[in-house]
Amino acid sequence: MYRETRCTTCSNGSRSKQPLIHQSTLPVSHDANHFSRSQSDATANNTYFLRKRKYSVVKFGYHVAIPLARSTPGGNTDGSSPGTSSSPGTPHVIALVGLPARGKTYISKKLSRYLNWIGINTRVFNLGEYRRKMVPQYVSHELFNPSNEDGIKLREQVCQDAAVDVVKWFQNEEGEVAVFDATNTTRKRRQYLYEFFVEKHGCNLFFVESVCDKEDIIENNIKEVKTTSPDYMACNEAEVLNDFKARIKHYQEQYETLDEALEPDISFLKIFNAGEKVLVHKHVGHIQSRIVYYLMNVHIKKRTIYLVRHGESEFNVQGRIGGDSDLSENGIEFARQLALFVNALQKPKMKVWTSWMARAIQTTKYINGVQERWKALNEIDSGACDGMTYAEIQEKFPEDFKERDWDKFSYRYHRGESYEDLIARLEPVIMELERQETVFVVAHQAVIRCLLGYYLETSEEELPWLDVPLHTVVKLEPVAYGCKVQHIRFPVGCVSTYRQKPETPGQLEGKYVENTPVVEALRHSPIKDIDSLMLKLEIREHTTIKPEDTAVKNGC
């Protein structure tokens with residue numbers, strides 16, 4: 001059940017004294033003080049930004065979908081069987097299934113990242129972390145021996161504690177999807193989860209099993225991920241591999257794969273050998289459908305994504321946003337150097353993607369090989385502000401300029417787009433990126449911010465303010481618990497188009513007031529070969545891993 005509500009500030013649902021129609025997915029209040037308090041609340045409560053995604057704009061006001069009831073314990077409000085409700089108000093539990101070293105945590109993290117990116121409040125509950133909190137000192141694989149009674153009791157307690165935390169999170173923090181990252185290899189364990197989440201608490205439960213029998217994939221997973229586990233900090237690599245393989249054998253002794261004949265009431269997805277084949281059974285509703293579609297496109301093999309803005313354009317030099325201008329002289333030189341770099345990578349399966357905008361196409365002019373053009377990669381549509389400087393926007397539309405600073409993610413340019421719109425437009429790009437091994441993407445500032453937001457799990461508050469400098473390639477290598485990142489700066493001067501989030505919304509720094517963007521010193525001299533270029537590249541490398549992910553998470 002849903003009810004509609006509309007803004008009552010004025011007849012058409014917009015601010016009465018605004019020169020532009022402010023179309024932003026915000027709570028139904030336009031009072032400036034209310035907005036300020038909400039912004040303050042957002043700092044203390046990250047769910048503020050996810051809540052706003054539930055508000056959708058219509059032509060004459062706000063349509064707000066508000067669930068009036070959730071499924072009750074033991075059944076659903078719509079009369080359907082437990083665990084099969086398609087109501088948006090019903091929380092979902094996605095429980096992983098599979099032996100260790102099958103990519104479960106990798107899948108969990110990617111799924112959580114994707115769902116949060118599209119605005120579905122998602123959190124991973126990893127049972128390995130719960131176990132380590134209860135027993136910080138790991139001894140050996142015997143903890144997982146099915147004949148070890150103490151080990152069994154420990155793992156059962158861990159499962160129960162995590163399940164209780166999931167329900168509390170649903171109730172207290174507006175959680176929508178909980179990813180239950182564990183092995184869950186027995187029907188007894190899965191039956192417990194069904195009884196607890198579905199029959200007792202009225203949640204939707206969907207299992208995702210990763211099945212892999214290819215030794216090369218398994219070995220790579222063990223070597224790449226498990227050797228950094230805190231369980232093995234004092235062990236050498238040989239000891240780690242031996243102990244971990246023994247742990248896998250313990251799980252194999254009691255492993256019972258998902259089977260629709262033996263477990264007819266449960267919904268599940270089985271992924272075979274890192275995506276070679278998938279099997280879906282009884283998935284229900286919009287969220288599970290999106291999860292299935294996403295996981296059908298994901299593989300756990302190594303891949304590299306290169307992201308780069310187009311070369312400096314004439315509009316960049318003039319401090320103007322949007323438009324479809326050509327490259328400046330510096331931009332043309334960057335295009336030449338970029339071609340040296342890309343052509344030297346010698347990646348036979350590498351694909352080069354660009355937008356349809358002139359400055360992006362010109363940036364890839366000298367790159368060898370087939371290129372693909374994506375309209376979805378075009379820069380954010382700045383609508384009525386297209387081709388204007390920040391100073392001109394501030395002068396002509398001061399209230400809109402201020403409100404965009406308040407909430408840059410949700411603010412929509414008149415006849416244009418918001419960052420939220422841009423994420424929806426880029427979802428097919430993400431799906432296709434997940435299917436590839438090596439892709440070089442040449443796009444635009446807002447587009448790359450959204451793509452980085454996906455790979456680096458950037459919050460909606462921070463995403464629109466990411467610094468994406470010109471003439472800098474960002475190399476991404478996704479791993480199970482984060483992303484390895486390299487920033488590769490080319491020796492070509494350019495303007496700085498980055499505007500930091502101001503302390504006072506609507507305030508402009510000097511360079512924008514005077515319409516004179518800061519120009520970095522021209523450092524380039526003609527470079528005609530890759531060896532000369534490599535000597536002058538500035539490379540900065542780091543790995544993005546959230547604090548809770550610093551330890552490798554082995555399932556219980």
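The values are calculated or read from the model by the stated rules, or taken from the named source; none is laboratory data. This is a predicted model, so every value here is computed, not measured. Quick reminder, even Gly has a Cβ in these numbers, built from the backbone with ideal geometry, and neighbours come from all protein chains shown.
Quick test for you: out of E224, E199, E195, pick the one residue that is at pLDDT below 90 and part of a helix (DSSP H, G or I).
One residue alone meets the criteria, E224.
Go over the candidates P88, P82 one by one and state the one that is modelled with pLDDT under 95, within 27 Å of the chain's Cα centre (by Cα) and part of a loop (DSSP other than H, G, I, E, B).
Sole residue among the options that is modelled with pLDDT under 95, within 27 Å of the chain's Cα centre (by Cα) and part of a loop (DSSP other than H, G, I, E, B): P88.
Looking only at segment 236-250, filter to residues that are touching a helix residue (DSSP H, G or I) at 6+ places or on another chain (Cβ under 7 Å) and among the hydrophobic types (A, V, I, L, M, F, W, C); which one of those is modelled with the highest pLDDT?
A246
Out of all the residues in segment 253-291, which are in a loop (DSSP other than H, G, I, E, B) and among the basic types (K, R)?
Matches in segment 253-291: K282 only.
Which is at pLDDT below 50, out of contact with any Cys (no Cβ under 7 Å at 6 or more places or on another chain) and aliphatic (A, V, I, L, M), of A95, A101, A65?
Checking each option against the conditions leaves just A65.
All but one of (1) surrounded by 15 or more Cβ atoms within 10 Å (Cβ to Cβ); (2) at pLDDT 65 or above hold for K501, so report the exception by its number.
(1)
Condition (residue is surrounded by fewer than 21 Cβ atoms within 10 Å (Cβ to Cβ), of a type in the set (A, V, I, L, M, F, W, C) and modelled with pLDDT under 95) applied to segment 359-371: is it met by at least one residue?
yes
Out of the residues in segment 309-350 meeting the condition of being among the charged types (D, E, K, R) and at pLDDT below 95, tell me which one is surrounded by the most Cβ atoms within 10 Å (Cβ to Cβ).
Result: K347.
Within segment 386-395, can one find any residue that is outside any helix (DSSP H, G or I), small (G, A, S), without any contact (Cβ under 8 Å) to a residue 40 or more places away in the chain and surrounded by fewer than 21 Cβ atoms within 10 Å (Cβ to Cβ)?
Among the residues of segment 386-395, not one is outside any helix (DSSP H, G or I), small (G, A, S), without any contact (Cβ under 8 Å) to a residue 40 or more places away in the chain and surrounded by fewer than 21 Cβ atoms within 10 Å (Cβ to Cβ), which makes the answer no.
Go through segment 342-397 and count every residue that is small (G, A, S) and under 24 Å from P428 (Cβ atoms).
Qualifying residue count for the region: 7.
For K110, all conditions in the list (1) in contact with a strand residue (DSSP E or B) (Cβ under 9 Å, 6 or more places away or on another chain); (2) without any contact (Cβ under 8 Å) to a residue 60 or more places away in the chain hold save one; what is the number of the exception?
(2)
So how many residues does segment 419-466 have that are in a helix (DSSP H, G or I), under 12 Å from the mean Cα position of the chain (by Cα) and among the small types (G, A, S)?
1
Which of the residues that make up segment 288-346 are closer than 24 Å to I217 by Cβ and not hydrophobic (A, V, I, L, M, F, W, C)?
Y293, Y294, N297, H299, K301, K302, R303, T304
Please determine whether any residue of segment 338-360 is of a type in the set (K, R), under 30 Å from S496 (Cβ atoms), in the same structural domain as V441 (by TED's automatic domain parsing) and in a helix (DSSP H, G or I).
Looking for residues that are of a type in the set (K, R), under 30 Å from S496 (Cβ atoms), in the same structural domain as V441 (by TED's automatic domain parsing) and in a helix (DSSP H, G or I), one finds at least one in segment 338-360, hence yes.
With respect to Y192, determine if the residue is within 21 Å of V284 (Cα to Cα) and touching a Cys at 6+ places or on another chain (Cβ under 8 Å).
So Y192 fits the description; yes.
Scan segment 171-189 residue by residue and report those that are surrounded by 23 or more Cβ atoms within 10 Å (Cβ to Cβ) and in contact with a Lys or Arg (Cβ under 9 Å, 6 or more places away or on another chain).
Scanning segment 171-189 gives V177, A178, V179, D181, A182, T183, N184.
Going by the conditions given, is I530 touching a helix residue (DSSP H, G or I) at 6+ places or on another chain (Cβ under 7 Å) and modelled with pLDDT under 90?
Judged against the criteria, I530 is a match.
Applying the selection to segment 124-162, what residues are modelled with pLDDT of 90 or more, surrounded by fewer than 14 Cβ atoms within 10 Å (Cβ to Cβ) and assigned to a loop (DSSP other than H, G, I, E, B)?
Across segment 124-162, the qualifying residues are P146, S147.
Which of the numbered conditions does I217 fail, given that it passes all the others? Conditions: (1) modelled with pLDDT of 95 or more; (2) β-branched (V, I, T); (3) more than 17 Å from I94 (Cβ to Cβ).
(1)
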